[in-house]
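Let me begin by presenting the structure, written as C-alpha coordinates, before commenting on it.
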Amino acid sequence: MRNAQRYSFIPIDVALSEASFRPYLPLTLIYQQSSAIASGLLDTGASVNVLPYPVGVELGYVWEQQTTALSLTGNLAQYKARVVVLQAVVGQFEPIQLVFA
(Lines give C-alpha, C1' and ligand atoms only; values in the text may rest on other atoms or scores of the structure.)
Protein backbone atom coordinates (compact mmCIF):
# COMPACT_ATOMS: atom_id res chain seq x y z
CA MET A 1 0.00 0.00 0.00
CA ARG A 2 1.41 3.35 -0.99
CA ASN A 3 1.76 6.00 1.76
CA ALA A 4 0.93 3.47 4.47
CA GLN A 5 1.44 4.36 8.11
CA ARG A 6 1.49 2.08 11.15
CA TYR A 7 0.01 2.84 14.53
CA SER A 8 0.58 0.75 17.62
CA PHE A 9 -2.08 -0.59 19.94
CA ILE A 10 -2.06 1.39 23.21
CA PRO A 11 -2.35 -0.25 26.66
CA ILE A 12 -5.23 1.16 28.70
CA ASP A 13 -4.46 -0.63 31.97
CA VAL A 14 -0.87 -1.82 32.45
CA ALA A 15 -2.03 -4.27 35.14
CA LEU A 16 -3.92 -6.22 32.46
CA SER A 17 -0.88 -6.46 30.20
CA GLU A 18 -1.74 -7.26 26.57
CA ALA A 19 -5.44 -7.75 27.40
CA SER A 20 -5.84 -3.98 27.73
CA PHE A 21 -4.38 -3.00 24.35
CA ARG A 22 -6.73 -0.89 22.20
CA PRO A 23 -6.40 0.32 18.59
CA TYR A 24 -6.34 4.08 19.11
CA LEU A 25 -5.60 6.37 16.18
CA PRO A 26 -4.13 9.84 16.79
CA LEU A 27 -5.95 12.47 14.77
CA THR A 28 -6.61 16.17 14.53
CA LEU A 29 -10.23 17.32 14.33
CA ILE A 30 -10.96 20.63 12.60
CA TYR A 31 -14.09 22.77 12.67
CA GLN A 32 -14.01 26.25 11.12
CA GLN A 33 -10.87 27.88 12.56
CA SER A 34 -10.51 25.59 15.58
CA SER A 35 -8.73 22.26 15.95
CA ALA A 36 -8.41 19.62 18.65
CA ILE A 37 -5.93 16.78 18.95
CA ALA A 38 -7.67 13.55 19.88
CA SER A 39 -7.36 9.78 19.81
CA GLY A 40 -10.08 7.77 18.15
CA LEU A 41 -10.83 4.16 18.99
CA LEU A 42 -10.86 2.23 15.73
CA ASP A 43 -14.10 0.27 15.46
CA THR A 44 -14.63 -0.91 11.91
CA GLY A 45 -18.04 -2.30 12.84
CA ALA A 46 -19.39 0.93 14.32
CA SER A 47 -22.39 2.52 12.68
CA VAL A 48 -21.75 5.96 14.19
CA ASN A 49 -18.77 8.06 15.26
CA VAL A 50 -19.24 9.57 18.71
CA LEU A 51 -17.70 12.96 19.46
CA PRO A 52 -17.35 13.57 23.20
CA TYR A 53 -19.23 16.67 24.34
CA PRO A 54 -16.12 18.46 25.72
CA VAL A 55 -14.23 17.96 22.42
CA GLY A 56 -17.15 19.51 20.52
CA VAL A 57 -17.13 22.48 22.90
CA GLU A 58 -13.34 22.83 22.43
CA LEU A 59 -13.92 22.98 18.67
CA GLY A 60 -16.52 25.73 19.10
CA TYR A 61 -19.74 23.80 18.66
CA VAL A 62 -22.76 25.09 20.56
CA TRP A 63 -24.61 21.82 20.98
CA GLU A 64 -27.96 23.47 21.63
CA GLN A 65 -27.76 25.12 18.19
CA GLN A 66 -27.26 21.83 16.32
CA THR A 67 -30.59 21.02 14.71
CA THR A 68 -30.11 17.54 13.26
CA ALA A 69 -31.01 14.99 15.95
CA LEU A 70 -29.99 11.34 15.91
CA SER A 71 -31.40 8.44 17.90
CA LEU A 72 -28.64 6.26 19.29
CA THR A 73 -29.07 2.59 20.14
CA GLY A 74 -27.47 0.12 22.51
CA ASN A 75 -25.72 1.46 25.61
CA LEU A 76 -25.91 5.03 24.23
CA ALA A 77 -29.70 4.99 23.69
CA GLN A 78 -30.35 6.99 26.86
CA TYR A 79 -28.37 10.00 25.59
CA LYS A 80 -29.49 12.83 23.33
CA ALA A 81 -27.35 13.18 20.22
CA ARG A 82 -26.90 15.81 17.52
CA VAL A 83 -25.15 15.37 14.19
CA VAL A 84 -22.03 17.42 13.39
CA VAL A 85 -19.69 17.27 10.40
CA LEU A 86 -16.02 18.15 10.68
CA GLN A 87 -12.65 17.52 9.08
CA ALA A 88 -10.17 14.97 10.42
CA VAL A 89 -6.48 14.63 9.67
CA VAL A 90 -4.56 11.43 10.37
CA GLY A 91 -0.80 11.60 10.06
CA GLN A 92 0.32 12.87 6.68
CA PHE A 93 -2.90 11.90 4.87
CA GLU A 94 -5.25 14.40 3.26
CA PRO A 95 -8.09 15.72 5.48
CA ILE A 96 -11.36 13.81 5.29
CA GLN A 97 -14.88 14.73 6.29
CA LEU A 98 -16.40 12.74 9.16
CA VAL A 99 -19.90 12.73 10.58
CA PHE A 100 -20.21 12.52 14.36
CA ALA A 101 -23.01 12.24 16.89
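The values are calculated or read from the model by the stated rules, or taken from the named source; none is laboratory data. Only a predicted model underlies this, so the values are computations on that prediction, with no experimental measurement involved. When we count neighbours, we look across all protein chains shown, and the Cβ atoms used for this are built from the backbone with ideal geometry, even at glycine.
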Return the pairs, sorted by first residue and then second, in which the second residue is aromatic (Phe, Trp, Tyr) and part of a loop (DSSP other than H, G, I, E, B), the first residue lies in segment 12-37 and is under 30 Å from residue 94 (Cβ atoms), the beta carbons are less than 6 Å apart, and the residues are 6+ apart or on different chains.
-> 21/9; 23/9; 25/7
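Sort out which residues of segment 56-69 are touching a residue at least 12 places away in the same chain (Cβ under 8 Å) and either crowded, with 16+ Cβ neighbours inside 10 Å or part of a loop (DSSP other than H, G, I, E, B) (or both), and write them in order of number. Can you show your working first?
The first filter runs over segment 56-69 and keeps only residues touching a residue at least 12 places away in the same chain (Cβ under 8 Å), leaving 56, 58-61, 63, 66-69.
Matches in segment 56-69: 56, 58, 59, 60, 61, 66, 67, 68.
Being in contact with a strand residue (DSSP E or B) (Cβ under 7 Å, 6 or more places away or on another chain) and touching a residue at least 40 places away in the same chain (Cβ under 8 Å) is the filter here, so list the residues in segment 75-101 that pass it.
Residues satisfying the conditions are 84, 86, 87, 88, 89, 90, 95, 98, 99, 100, 101.
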Flagged in segment 9-33 as surrounded by 10 or more Cβ atoms within 10 Å (Cβ to Cβ) and part of a helix (DSSP H, G or I), in numbering order, are 16, 20
Mind listing whichever residues of segment 75-101 are modelled with pLDDT under 90, among the polar types (S, T, N, Q) and either touching a Gly at 6+ places or on another chain (Cβ under 8 Å) or in a loop (DSSP other than H, G, I, E, B) (or both)?
-> 92
